[in-house]
Amino acid sequence: MPLADPGTVRPLLVCPRCRCALVAEPTAFRCAAPHCALHQVGSFPVIGGSPVLVDFERSVLPRPTAGRPGTGPPRPALERLPPRLRGLWRPVNRVAVRNTGRLLRALPGPAPTVLVVGGATVGNGTAALYSDPRIRLIGFDIAPSPWTQFVADAHQIPLADRSVDAVVVQAVLEHVLDPALVVAEIHRVLTAGGLVYAETPFLQQVHAGPYDFTRFTLSGHRYLFRRFAELDAGAVAGPGTQLLWSLDHLARGLTRSATAGRLARGLLGWLRLLDAAVPPRYAEDSACACYFLGRKRADGMSPAQIVEYYRGAQPPG
């Protein structure tokens with residue numbers, strides 16, 4: 001597992017409020033700037049080995065308690081299944097496999113740094129990030145895991161400006177209150193010409209309950225990343241997969257049972273195969289989720305440009 005050693009990550013860490021350096025204490029961190037409210041001793045506790053680098057006055061996250069550094073969406077029941085059974089409900093995301101491979105090949109230098117936002121679990125199709133010995137991998141989430149080095153809120157990423165070469169943010173932006181602010185933070189921490197790979201739902205039912213906030217069309221997703229040059233973008237999965245989601249949740253609603261929904265998804269999993277028969281311009285109008293692979297740039301797209309960007313099956317006007 002190529003997760004960067006915490007000792008190499010700590011020089012990159014900054015205060016989430018003022019972005020000044022941090023001071024390490026035996027059981028906590030604090031901001032080094034005397035004028036900052038987070039300069040107080042113990043502002044950022046270390047719980048279970050994970051620094052909790054959250055500005056709680058400006059976050060929806062609850063303050064940690066002893067032995068419990070953070071809470072968030074419950075772990076899906078699917079994640080608790082053995083890998084072979086899990087694959088029946090959620091096959092490998094081949095789009096993510098292809099695009100994370102492209103991202104890794106495009107990274108410069110002998111030891112590029114890659115940040116995974118929302119990295120408490122290994123994302124579907126992103127295993128290459130965790131097996132490439134060339135990269136330094138940094139992960140954070142709102143709760144600790146073996147795949148993260150610290151706890152943080154993506155609205156205030158506690159990393160220095162221009163400190164990472166690439167960012168991967170998969171199935172995360174629907175769970176944040178202000179996706180544009182999170183993308184601005186991703187832009188800030190990337191080096192000049194740094195890369196981003198994002199996957200975000202479009203036509204999906206609510207998941208993770210109260211922690212699910214928003215959706216994006218392909219055009220909306222592109223405008224979210226308007227300060228990036230597009231290398232590629234499109235549908236992660238099309239209307240067949242979207243129909244499978246709908247039938248899963250229809251079964252849940254009719255029976256009041258999540259188990260019934262999962263059973264329906266298992267029995268009707270073949271519907272995903274229909275995605276291959278749908279041309280991209282139709283798939284993008286009815287995508288289950290969309291992706292964006294891009295490179296950081298200084299300027300952005302205008303509103304007129306994003307209207308012109310649309311490439312789906314519906315005629316203009």
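Between GLN40 and CYS18, what is 0.36 nm times their sequence separation minus the Cα-Cα distance? Round to one decimal in nm. Intermediate values should be presented prior to the final figure.
On the way: separation 22, 0.36 × 22 = 7.92 nm, distance 1.37 nm.
Gain on stretching GLN40 to CYS18: 6.6 nm.
Can you bin every Cα-Cα distance in the chain into 20 Å intervals starting at zero and give me the percent of pairs per bin, rounded to whole numbers?
31, 57, 12, 0
For the chain, find the longest principal axis of its Cα atoms and tell me its angle to the long axis of helix 239-255, 0 to 90°, nearest 10.
Result, in degrees: 90.
If the only charges are +1 at each Lys and Arg Cβ and -1 at each Asp and Glu Cβ, what is the size of the charge dipole of the range 99-200 around the Cα centre, to the nearest 20 debye?
Working: 6 positive and 9 negative charges, 90 e Å.
Computed about the Cα centre, the dipole is about 440 debye.
For the ranges 3-13, 163-173, 298-308, what's the packing order if you count other beta-carbon atoms within 10 Å of each residue, average per peptide, and put the highest first? Mind showing how you got there, number by number?
Numbers: 3-13: 15.0, 163-173: 23.5, 298-308: 11.2.
Listed from highest to lowest mean packing, they are 163-173, 3-13, 298-308.
Roughly how tilted is helix 179-189, in degrees to the nearest 10 and between 0 and 90, from the longest Cα axis of the chain?
For 179-189 against the chain, the angle is about 50 degrees.
Using the Cβ atoms and a cut-off under 11 Å, what net charge is assigned to the surroundings of VAL114, where Lys and Arg are +1 and Asp and Glu are -1? Each step should come with its number before you reach the end.
Details: positive: ARG134, ARG136; negative: ASP132, ASP165.
Result for the neighbourhood of VAL114: 0.
Scan around ALA313 for amide H atoms under 5 Å from its own, H built in the peptide plane at 1.01 Å from N, and keep only partners 5 or more places away or cross-chain.
HN-HN under 5 Å from ALA313: ASP285.
Ranked highest first by average number of other Cβ atoms within 10 Å, how do 135-141, 20-26 line up?
Top to bottom by mean Cβ count within 10 Å: 135-141, 20-26.
Starting from the amide H of ILE47, placed 1.01 Å from N in the peptide plane, find each other amide H under 5 Å away whose residue is 5 or more places distant or on another chain.
Excluding prolines and chain starts, which carry no amide H, the hits are VAL52.
When ranked by the protection proxy of mean other Cβ atoms within 10 Å per residue, highest first, what sequence do the peptides 231-239, 180-188 form? Numbers along the way, then the final one.
Working: 231-239: 21.1, 180-188: 18.4.
Put in order of decreasing packing, that is 231-239, 180-188.
Using the Cβ atoms and a cut-off under 12 Å, what net charge is assigned to the surroundings of GLY193, where Lys and Arg are +1 and Asp and Glu are -1? Could the numbers behind the result be given before it?
Details: positive: ARG162, ARG295, LYS296, ARG297; negative: ASP165.
Counting the neighbours of GLY193, the net charge comes to +3.
Taking the chain as the reference, fit the longest principal axis to its C-alpha atoms, fit the long axis of helix 258-267 to the helix C-alpha atoms, and give the angle between the two in degrees, 0 to 90, nearest 10.
In the chain, helix 258-267 runs at an angle near 60 degrees to the longest axis.
So for the chain, averaging the separation of alpha carbon pairs under 8 Å that are six or more residues apart and normalising by length, what relative contact order in percent results?
Values: 617 pairs, mean separation 49.8, N = 317.
Averaging sequence separation for qualifying contacts and normalising by length gives 16 percent for the chain.
Restricting to DSSP H runs of at least four residues, report the calculated mean residue ellipticity at 222 nm for the chain, -39500 (n - 2.57) per run over all residues, nearest 500 deg cm²/dmol. Provide the component values of the computation, followed by the final result.
On the way: 9 runs with 82 residues, N = 317.
It comes out at -7500 deg cm²/dmol, rounded to the nearest 500.
Quick one: which residues, 5+ away or cross-chain, put their amide H under 5 Å from the amide H of LEU231? H built at 1.01 Å from N.
Residues meeting the criterion, in which the H sits 1.01 Å from N, are LEU293, GLY294, ARG295.
Alpha carbon centre of the range 272-297 versus the range 149-198: separation in Å?
Here the two parts' Cα centres lie 23 Å apart.
In 5 Å bins starting at zero, report the fraction of Cα pairs in the range 104-151 per bin as a rounded %.
For the range 104-151, the binned pair fractions read 5, 23, 30, 23, 13, 5, 1 percent.
I'd like the Kirkwood hydrodynamic radius of the range 165-317, using the inverse of the mean 1/r over distinct C-alpha pairs, in Å.
On the way: mean 1/r = 0.0603 Å⁻¹.
Radius from the Kirkwood sum: 16.6 Å.
Can you work out the Karplus-derived ³J(HN,Hα) for every residue in the range 32-47? Use 6.51 cos²θ - 1.76 cosθ + 1.60 with θ = phi - 60°, whole Hz, and x for glycine or proline.
Each residue of the range 32-47 in turn: 7, 7, x, 6, 7, 4, 8, 6, 4, 4, x, 4, 10, x, 9, 10 Hz.
Out of the total accessible area of the chain (probe 1.4 Å, heavy atoms of protein only), what percent is carbon and sulfur? The partial results should precede the final answer.
Working: 9080 of 15040 Å².
Looking at the chain in its full context, I get 60 percent from C and S.
With springs only between Cα atoms under 10 Å apart, run a GNM on the chain and tell me which of TRP147, TRP245, TRP270 wobbles the most.
TRP270
Tally Lys/Arg at +1 and Asp/Glu at -1 over every other residue whose Cβ is under 14 Å from the Cβ of ALA33; what's the total? Please report the intermediate quantities before stating the final value.
On the way: positive: ARG17, ARG19, ARG30; negative: ASP55.
So the environment of ALA33 carries a net charge of +2.
The values are calculated or read from the model by the stated rules, or taken from the named source; none is laboratory data. Remember, it's a predicted structure, so these values are computed and weren't measured experimentally. Cβ coordinates were reconstructed from backbone atoms using ideal geometry, including for glycine residues, and neighbour counts include every protein chain displayed. Note: accessible area is taken over every heavy atom of the protein model, side chains too, but ligands, DNA and RNA are not part of it. Shrake-Rupley method; radii C 1.70, N 1.55, O 1.52, S 1.80 Å.
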